[in-house]
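Undergrad: After the structure tokens below, expect a handful of questions from me.
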Amino acid sequence: MSSLPPPPPPPGVPVPPPGPATAPPAPATPSLGSPDNPRPTVPFQPLPPTAPATSRSRTPLYAALLALVLAAGGAGAFVATRDRGSDSPAIDVAPLTQQITKLVTAVGALPNQASATCPIGDIDDFAQLAPEGTKAVTTARSAERSGMLMQGSGKAIVCGAADATGAHRIAVFAGEPFGNPPERSVIDGSQRTVTVSPLSDFRGGKLATICGPRTDNANDVLCDAIWFRNGFQAGVLLKGGTEVTAALAETWLKAALDDIVAGVQHADPTTVAAPAG
């Protein structure tokens, strides 16, 4: 049996339009990291946090620490991949050798040979080109450091970053080759079991990787990839655990080489400045 229809409203009372009794709920705000949010966060994977997060500082890397980065301490770990391939055109280094001389002279004249910022680019931008397998430092590093390193017979601008413990580091560098042959003068072989790859042709120059663990700690691995041609070198360094390999360093260098070269070409030596304080 059907129910009776509702009584009509009293005279003078407007009749509500037909429709649902309540409005539909508002759409939920997309959560951070959802498909609707283009900027997800990435947790720091390899190392558990040892202290509350701190804001990143651009502290200077003094000459001794820069030497440590290249000679034995190395560099760290990173994010997405781009390989422009060996079929890309050769790089003309003639203007680069002149420009890098101006840059290392300008930075070398600063106190402690340290620069407030990286003269050849932003380490964040270089980091975005690094391989997926080495992404620890991008979200966990606590300091960025830039300066001029004099080693052997060459000088280079070095821009690096590290996490709070120093266990993971990264660096990019550009300058004059440190010695002859260039690929055997970056990592201190007395502290690491170093493997140097055969030279390969790339972009009109030669490319090599230098990689190895510390002799006293197999989980402390440093890998460098270096490209050089006619008195100019560019390279990257990764330092971390056993996830760091020569192949990852080479992949990163191939992806970042054009950006390193462009950074050298467009750098203004007259604007380099020492860190504040």
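The values are calculated or read from the model by the stated rules, or taken from the named source; none is laboratory data. A quick note: this is a predicted structure, and the numbers were derived from the prediction, not measured. FYI the Cβ positions are ideal-geometry reconstructions off the backbone, even for glycines, and counts take in every protein chain you see. The protein model used for the area step is the full one, side chains on, heavy atoms only, and it has no ligands, DNA or RNA in it. Shrake-Rupley method; radii C 1.70, N 1.55, O 1.52, S 1.80 Å.
Undergrad: Would you mind working out the accessible area per residue for the range 180-277, using a 1.4 Å probe, and quoting it in Å²?
TA: Result: 41 Å² of accessible area for each residue.
Undergrad: Which FRET efficiency value, to the nearest 0.05, is calculated for Asn112 and Asn217 with the Förster distance at 22 angstrom and r the Cβ-Cβ distance?
TA: Step by step, r from the Cβ atoms, then E = 0.15.
Undergrad: Sticking with this structure for a sec: Take every Cα pair under 8 Å in the range 154-277 that's 6+ residues apart, average their separations, divide by the length, and report that relative contact order as a whole percent.
TA: RCO, the range 154-277: 22 percent.
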